[in-house]
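S.K.: Following this message is one structure expressed as structure tokens.
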There are 2 protein chains.
Amino acid sequence: MTADSLSVTFAALADPTRRAILARLASGERSVTELAEPFNMSLPAVSKHLKVLQRAGLIARSRRAQWRPCRLKARPLKEVADWTEPYRRLWEQRYERLDKYLQQLKADEAGDRHKRRKK
Amino acid sequence: MTADSLSVTFAALADPTRRAILARLASGERSVTELAEPFNMSLPAVSKHLKVLQRAGLIARSRRAQWRPCRLKARPLKEVADWTEPYRRLWEQRYERLDKYLQQLKADEAGDRHKRRKK
């Protein structure tokens, strides 16, 4: 059974440590030792996370240096962003409705104040 | 151990059937039976997927009708889109570089044609 690539990407992103690793790699290449540091994690534990990220195509390990730096690969993240795009209309509509409702509340409140002053 | 909400969302999205259910709900409320139809799935199997989506806050079951329709909740999808946003710079840079490279290839090719014609 081969999982579709989007499912593999989502599964890889379903972990806060793996997302933090990607965030660190966004600013440039890092060695496994450098990646392990801020998490207070053993190298094998970090390596396990890196393997999941690598299988999902979210990172690549360079072969040109002996320390084999990790680098971020942006394509699967673009696929995630593209996947959310058709739903944007929905949350924007909902925020617009909420905004209208708040405007209405404010208008009603101002109306009440006006009436009270008239009494 | 409580998982952070973004991890729960990503885990819920790591399944093509669950993503297809969300896509159907994007056009409006549906009963469990209606959701089960296109997948040729048993009701208990669909119910299991719906529970995962509900736990992630991606859908809600209405209590106002006896058929308890499911509806999409857009907020976690907005959180996913917002999470990808800082990485947009990366893939856009990469596409720009690819674009420049292709422009260069075209220019080189045109130059070659020009030289050949001159011979």
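S.K.: Once phi is turned into θ = phi - 60°, what whole-Hz ³J(HN,Hα) does the Karplus curve with 6.51, -1.76 and 1.60 give for every residue of segment A:30-45, x standing for Gly and Pro?
M.R.: For segment A:30-45, the Karplus-derived couplings read 9, 7, 4, 4, 4, 6, 6, 2, x, 9, 6, 10, 6, 4, x, 5 Hz, x marking Gly and Pro.
S.K.: Right, here's the next one. Would you list the P(r) distribution for the protein assembly as shown, with all Cα-Cα distances sorted into 5 Å bins from 0 and each bin expressed as a whole %?
M.R.: So the P(r) values, bin by bin, are 1, 6, 10, 12, 13, 12, 10, 9, 8, 6, 5, 3, 2, 2, 1, 0, 0, 0, 0, 0.
S.K.: If you don't mind, another one. Name the residues whose placed amide hydrogens come within less than 5 Å of the amide hydrogen of B:Arg30, ignoring near sequence neighbours (fewer than 5 apart) on the same chain.
M.R.: The list, which skips near neighbours in sequence, is B:Cys70.
S.K.: Continuing with this model, one more query. So what is the calculated 222 nm ellipticity per residue for chain A, using -39500 (n - 2.57) for each DSSP H run with n of 4 or more, over all residues, to the nearest 500 deg cm²/dmol?
M.R.: Values: 5 runs with 81 residues, N = 119.
When only DSSP H runs of four or more count, the value is -22500 deg cm²/dmol.
S.K.: Based on Cβ point charges of +1 for Lys and Arg and -1 for Asp and Glu, what charge dipole magnitude is obtained for chain A about its Cα centre, in debye rounded to the nearest 20?
M.R.: On the way: 27 positive and 14 negative charges, 81 e Å.
With only Lys, Arg, Asp and Glu charged at Cβ, the dipole is about 400 debye.
S.K.: Between A:Ala60 and B:Glu109, take the C-beta separation as r, use R0 = 30 Å, and let me know the FRET efficiency to the nearest 0.05.
M.R.: That gives a FRET efficiency of 0.50.
S.K.: Using a 7 Å offset from Cα along the direction of the beta-carbon, what are the separations from B:Ala23 to the same position in each other copy, nm, ascending?
M.R.: 3.1
S.K.: Can you pull out the trypsin sites (Lys or Arg not before Pro) in segment B:41-85 whose DSSP state is coil and whose Cβ has at most 14 other Cβ atoms within 10 Å?
M.R.: Answer in residue order: B:Arg63, B:Arg64.
S.K.: Going by the rotation axis that takes chain B to chain A, pick out the residue of B with the closest C-beta and quote the gap in whole Å.
M.R.: B:Phe10, 3
S.K.: Right, something else. Spin-label point model (7 Å from Cα, Cβ direction): what's the B:Leu43 to B:Arg116 distance in nm?
M.R.: Simple spin-label model gives 6.9 nm for this pair.
S.K.: Taking the Cα centre of the protein assembly as shown as origin, work out the dipole magnitude from +1 charges on Lys and Arg Cβ and -1 charges on Asp and Glu Cβ, in debye rounded to 20.
M.R.: I would put it at about 520 debye.
S.K.: Provide the per-residue ³J(HN,Hα) series for segment B:99-116, in order, calculated from phi with Karplus coefficients 6.51, -1.76, 1.60 and θ = phi - 60°, each as a whole number of Hz, with x at glycine and proline positions.
M.R.: 5, 4, 4, 5, 4, 4, 4, 4, 4, 4, 4, 4, x, 4, 4, 4, 5, 4
S.K.: Using the Cα centre of segment A:34-119 as origin and beta-carbon charges of +1 (Lys, Arg) and -1 (Asp, Glu), tell me which of A:Ala60, A:Pro44, A:Tyr87 is placed farthest towards the positive end of the dipole.
M.R.: A:Tyr87
S.K.: Using the Cα gyration tensor of segment A:56-119, with a ≥ b ≥ c the square roots of its eigenvalues, what is the shape: rounded (a/c below 1.5), prolate (a/b larger than b/c) or oblate (neither)? Don't jump to the answer; show the numbers that get you there.
M.R.: Details: a/c = 12.60, a/b = 3.77, b/c = 3.34.
Note, shape of segment A:56-119 comes out prolate.
S.K.: Given the alpha-carbon gyration tensor of chain A, what are the semi-axes of its equivalent ellipsoid in whole angstrom, ordered largest first, with each equal to the square root of 5 times an eigenvalue?
M.R.: Each semi-axis is √(5λ); the values are 49, 18, 12 Å.
No value in this document is a laboratory result; all are computed from the given coordinates. What you are looking at is a predicted structure, and each value in this text was computed from that prediction instead of being measured. No Cβ is skipped: glycine too gets one built from the backbone with ideal geometry, and neighbour counts run over all protein chains shown.
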